[in-house]
Ligand SMILES: CC(C)(COP(=O)(O)OP(=O)(O)OC[C@H]1O[C@@H](n2cnc3c(N)ncnc32)[C@H](O)[C@@H]1OP(=O)(O)O)[C@@H](O)C(=O)NCCC(=O)NCCS
């Protein structure tokens, strides 16, 4: 039975501002994800003050967009869509999906799949043709999520991260998007000019 049929409300929103109640839930979800396994750059839980400073900062960066995942109205995860800076015209057709996580207590309901799909839709609507992301080789669930959504692994960095005194490899992925107007992305990238 689907989550909707079981009465779970799944929703994703592109956050332009965050009120205090949502911020408290977001910080709790973030620290819970960090404690369980990371998935954000942080290795140790940060606490409310540091995380609030981070998310308020994210909302101010023109190239960054923050997406909140809600389960039954409660903020339980987030991710960020990052476009290249304006001086990087050559790579303006691409963007990065980063810092994606769902709190351990809200996993398995399809929220991450919905969140990534919404980010792809938003990126395509902005004319983005390529979505890039990278993930630790140890994040098996995330690997299965992204490969299931059609991301292509193009390389592995053997010294991607350091965790608990160990060096961990990381996989790099991309997915071509179809903005739905103009030439198809395949045609665009394979043609000169
Ligand atoms: C990866 C993560 C975001 C998935 O969140 P989620 O909301 O539980 O995922 P979903 O319920 O949307 O599941 C989507 C897909 O993920 C994979 N998946 C989810 N749970 C899984 C599990 N327990 N075992 C294996 N694969 C699993 C499956 O491919 C699933 O698709 P399916 O339902 O068609 O089989 C979550 O586990 C997480 O936050 N992990 C730690 C942080 C991280 O790895 N972030 C990504 C790198 S930046």
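The values are calculated or read from the model by the stated rules, or taken from the named source; none is laboratory data. This structure is a prediction, so every number in the text was calculated from the model and none was measured. Here Cβ is always computed from backbone atoms with ideal geometry, including for glycine, and neighbour counts include all displayed protein chains.
Summary of computed values
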read-out	value
Evaluation of residue 32 against (1) in contact (Cβ under 8 Å) with a residue 40 or more places away in the chain; (2) in a loop (DSSP other than H, G, I, E, B) (one fails), failing number	(2)
Filtered residues of segment 45-73 (kept if under 25 Å from residue 173 (Cα atoms) and not in a helix (DSSP H, G or I))	61, 62, 63, 64, 65, 66, 67, 68, 69
From 90, 100, 95, residue being touching a helix residue (DSSP H, G or I) at 6+ places or on another chain (Cβ under 9 Å) and more than 11 Å from the ligand (Cβ to nearest atom)	95
Hits in segment 103-137 (condition: more than 9 Å from the ligand (Cβ to nearest atom) and free of Cβ contacts under 8 Å to residues at least 40 places away in the same chain)	117, 121, 137
Test: residue in segment 148-155 that is modelled with pLDDT of 95 or more, within 11 Å of the chain's Cα centre (by Cα) and either over 30 Å from residue 181 (Cβ atoms) or more than 6 Å from the ligand (Cβ to nearest atom) (or both)	no
